[in-house]
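Colleague: Let me give you the structure first, and then I'll get to my questions.
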Amino acid sequence: MNTEVLIVGAGPTGLTLANELLVAGVSTTLVDKLAQRSPVSKAGGVQTRAQEAFDQRGLLEPLLATGNHQTSTAHFAGIPLLLTRGRHRLPWRTIPQVVIEGFLEQHLAAHDIHVRRDHELIGLTQHDDGVTATFANDVTIEAGYVVAADGAHSTVRSLLGAEFPGRVGKSTAIAADVRLDGDAPMLTRTWSEDGYSAQVFALGTDPEGRPLHRLALGGPDRSLSRDVPVTEDEIRVGLRSVFGERVRLLELRYARRITNVSRQAAQYRHGRVFLAGDAAHVHLPIGAQGMNTGIGDAVNLGWKLGAAVHNWALERLLDTYHTERHPVAAAVLRNVEAQSLLMDWDGKHDPDVIAAKDLFASLTQLPEVQFHLDDMLSGIGIRYAMPGSDDRPLVGLPAPDRNIGPTRLHELLRSGRGILLDPSDKLAEIADPWSDRVDRTGVGADTDPMLVRPDGYVCWTAGGDHSTDGLAAALTSWFGIPHG
Ligand SMILES: Cc1cc2nc3c(=O)[nH]c(=O)nc-3n(C[C@H](O)[C@H](O)[C@H](O)COP(=O)(O)OP(=O)(O)OC[C@H]3O[C@@H](n4cnc5c(N)ncnc54)[C@H](O)[C@@H]3O)c2cc1C
């Protein structure tokens with residue numbers, strides 16, 4: 001065996017997973033077919049939960065210290081969720097995908113994990129105890145497990161013959177990184193009478209400190225293939241149609257056509273091979289969710305693979321990757337479909353849709369509606385179905401980043417181990433057999449007893465009467481049978 005885990009694809013999903021496996025103490029090989037990292041950012045919006053995932057590993061502060069980020073406001077179908085401002089310690093931020101990738105790659109390199117570039121996976125064979133991967137450059141790697149983080153057109157997915165049901169993209173629009181002159185309204189989608197629509201997001205600044213923007217531009221002909229190159233002229237015409245002389249294109253940095261494809265792998269686990277990130281789910285990029293979901297996949301899978309490699313995972317633990325993460329992306333696909341309808345993505349100006357959008361816009365003035373949408377988009381509302389999640393309020397949810405004595409819960413999670421908060425110091429007898437994988441802390445824990453998985457999700461809390469019912473079962477489910 002050359003490596004315990006082979007990750008195919010060094011985008012945000014693969015890089016995040018490599019770090020999770022580093023924290024879990026697993027030998028990992030990370031390959032990418034590209035000779036160099038792409039210099040162009042697809043994603044920019046980073047939601048609260050993805051930031052928390054980085055914070056749990058001590059990576060958020062240094063990532064933000066790179067300086068290339070700004071806080072912004074989440075939106076649903078182009079309706080800014082203004083009432084959610086100040087709701088999270090870690091608010092919605094714009095951090096260009098290339099900044100995140102560059103940062104993670106450097107961090108991994110500092111721990112001697114280097115992306116093996118020019119490695120295009122072309123073959124995959126599974127055996128009882130491992131997987132053989134072959135590459136276009138004649139390299140062969142034997143791995144215990146393989147994770148496909150190779151993006152929307154995943155080779156691994158094709159080689160597995162994995163079902164990928166859903167809808168192919170029917171219509172296209174332009175996503176462009178631009179410098180603009182004038183006062184385009186931020187976030188709000190604006191239509192022109194001749195069938196154009198435009199939405200503008202702040203993307204930070206270029207190295208010279210000049211503001212950059214992401215422009216989403218729909219033209220009157222949405223049937224253009226993704227392969228038709230975008231021209232500067234097309235963008236100027238669209239801007240003029242929507243904004244008149246108010247907004248002018250100063251510079252076009254990069255443009256691509258995006259489609260309203262919506263597909264999700266039927267199964268995320270195929271024996272020893274797992275699908276993650278865009279390899280598992282693709283959708284129209286609305287509301288900053290694709291990269292965020294991929295990061296969530298990586299954080300969910302990393303510690304479980306670690307447990308399998310270190311021989312303490314119950315066999316079903318690896319299956320919970322699919323049962324927990326498939327519903328998350330399924331919900332993203334549905335909210336994206338709803339958003340694209342409300343945003344009139346097809347440009348059909350259907351009066352029924354416009355009426356629904358008007359009604360929806362009035363509903364979003366209600367704080368409860370904004371909070372509900374924010375829970376969904378930010379990832380904070382993701383709740384995994386697990387024993388206890390029906391009747392104990394926090395079980396299945398991300399653990400609140402509470403102060404624990406002089407530290408915070410996220411800081412404790414940096415070890416990559418489970419955390420048992422034991423404020424009254426009464427749980428040692430039950431929990432000590434798992435002390436090689438779960439840290440029990442009583443010191444100053446200003447909270448109810450709680451068991452937190454390495455990915456930061458609560459998997460047990462004491463009942464209202466502080467009973468310890470279910471603790472041993474939760475420890476066994478998530479942390480296996482104690483050794484010896
Ligand atoms: C215009 C646009 C805007 C977006 N905005 C946002 C946003 O604001 N927020 C958000 O959350 N998401 C956004 N997204 C989505 C986000 O960019 C993707 O979800 C994200 O890149 C997926 O990451 P990934 O690591 O799973 O796959 P990718 O980023 O696609 O990385 C896959 C990697 O695998 C490599 N690879 C492919 N095939 C092979 C092979 N055979 N062998 C070896 N390596 C291979 C590729 O070279 C690549 O490096 C946006 C997307 C677009 C197009």
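The values are calculated or read from the model by the stated rules, or taken from the named source; none is laboratory data. In this text the structure is predicted, and so the values were computed from the model without any measurement. Quick reminder, even Gly has a Cβ in these numbers, built from the backbone with ideal geometry, and neighbours come from all protein chains shown. Just the protein is used for accessible areas: all its heavy atoms, side chains included, with ligands, DNA and RNA removed. Shrake-Rupley method; radii C 1.70, N 1.55, O 1.52, S 1.80 Å.
Colleague: If I require 30 Å or longer along the helix axis, counting alpha carbons, and a Kyte-Doolittle average no lower than -1.0, what helices from the chain are left? Use full DSSP H segments.
Modeller: Values: long enough: 315-342 (43 Å, -0.26).
Within the chain the helices that satisfy the rule are 315-342.
Colleague: What whole-number value in Å² describes the accessible area per residue of the chain for a 1.4 Å probe? Mind showing how you got there, number by number?
Modeller: Values: 20510 Å² over 484 residues.
Spelled out: the 1.4 Å probe surface of the chain, per residue, equals 42 Å².
Colleague: Restricting to DSSP H runs of at least four residues, report the calculated mean residue ellipticity at 222 nm for the chain, -39500 (n - 2.57) per run over all residues, nearest 500 deg cm²/dmol. Spell out each step's value before the answer.
Modeller: Values: 13 runs with 148 residues, N = 484.
-9500 deg cm²/dmol, from helical runs alone.
Colleague: State whether the range 172-259 is rounded, prolate or oblate according to the following rule on the C-alpha gyration tensor (a ≥ b ≥ c being the square roots of its eigenvalues): a/c under 1.5 gives rounded; otherwise a/b larger than b/c gives prolate, and the remaining case gives oblate. Walk me through the numbers on the way to the answer.
Modeller: Working: a/c = 1.84, a/b = 1.28, b/c = 1.43.
Verdict is oblate for the range 172-259.
Colleague: Here's something else I'd like to know. Considering only lysines 8 or more places apart in sequence, or on different chains, count the pairs in the chain whose C-alpha atoms sit under 27 Å apart.
Modeller: Taking the chain as the scope, the lysine pair count is 7.
Colleague: I need the phi-derived Karplus couplings for the range 133-140: 6.51 cos²θ - 1.76 cosθ + 1.60, θ = phi - 60°, integer Hz, Gly and Pro marked x.
Modeller: 10, 10, 10, 4, 8, 6, 7, 10
Colleague: I want to check the label-to-label distance for Ser38 and Thr231. Put each point 7 Å from Cα in the C-beta direction and report it in nm to one decimal.
Modeller: Once both label points are built, they end up 2.5 nm from each other.
Colleague: On the accessible surface of the range 284-409, probed at 1.4 Å, how many percent belong to carbon and sulfur atoms?
Modeller: Using a 1.4 Å probe with all protein chains present, the range 284-409 comes out at 60 percent carbon and sulfur.
Colleague: Taking θ as phi - 60°, what are the ³J(HN,Hα) couplings along the range 265-275 by the Karplus curve (6.51, -1.76, 1.60), each to the nearest whole Hz, with x for Gly and Pro?
Modeller: 4, 5, 10, 8, 10, 10, x, 9, 10, 10, 9
Colleague: At a Förster radius of 45 Å, what calculated FRET efficiency corresponds to the Cβ-Cβ distance of Met186 and Asp439, to the nearest 0.05?
Modeller: With a Förster radius of 45 Å, E is 0.55.
Colleague: Post the alpha-carbon centroid distance, the range 438-479 to the range 353-413, in whole angstrom.
Modeller: 20 Å
Colleague: Could you list which residues have their amide H under 5 Å from that of Thr205, counting only those 5 or more apart in sequence or on another chain, with H placed in the peptide plane?
Modeller: Leu212
Colleague: Something else about it: Residue by residue through the range 219-228, what is 3J(HN,Hα) from phi via Karplus (6.51 cos²θ - 1.76 cosθ + 1.60, θ = phi - 60°)? Round to whole Hz and write x for glycine and proline.
Modeller: For the range 219-228, the Karplus curve yields x, x, 9, 8, 8, 4, 5, 4, 7, 6 Hz.
Colleague: Around Thr188, which amide H atoms from residues at least 5 apart in sequence, or from another chain, sit under 5 Å from its own amide H, with H modelled in the peptide plane?
Modeller: Amide H neighbours of Thr188: Val200.
Colleague: Please say if the range 265-420 is rounded, prolate or oblate, where rounded means a/c under 1.5 for a ≥ b ≥ c the square roots of the C-alpha gyration tensor eigenvalues, and otherwise the choice is prolate for a/b larger than b/c and oblate otherwise? Let's see the in-between values first.
Modeller: Numbers: a/c = 2.64, a/b = 1.58, b/c = 1.68.
Verdict is oblate for the range 265-420.
Colleague: A follow-up question, please. Taking 0.36 nm per residue of separation and subtracting the Cα-Cα distance, what length does fully extending Asn2 through Lys170 add?
Modeller: Numbers: separation 168, 0.36 × 168 = 60.48 nm, distance 4.30 nm.
That works out to 56.2 nm of additional length.
Colleague: Highest mean first, what order results for 322-335, 300-313, 459-472 on Cβ atoms within 10 Å?
Modeller: Ranked by mean Cβ neighbours within 10 Å, highest first: 300-313, 322-335, 459-472.
Colleague: Please state the charge dipole magnitude for the chain, taken about the Cα centre, from unit charges on C-beta atoms (+1 on K and R, -1 on D and E), reported in debye and rounded to the nearest 20.
Modeller: Dipole of the chain, to the nearest 20 debye: 700 debye.
Colleague: Using 0.36 nm times the number of residues separating His111 and Asn137, minus their current alpha carbon distance, what extension gain do you get?
Modeller: Length difference between fully extended and current span is 6.8 nm.
Colleague: Same structure again: Glu245 to Asp425: extension gain in nm, 0.36 nm per residue of separation minus the Cα-Cα distance?
Modeller: Stretched fully, the Glu245-Asp425 segment lengthens by 58.0 nm.
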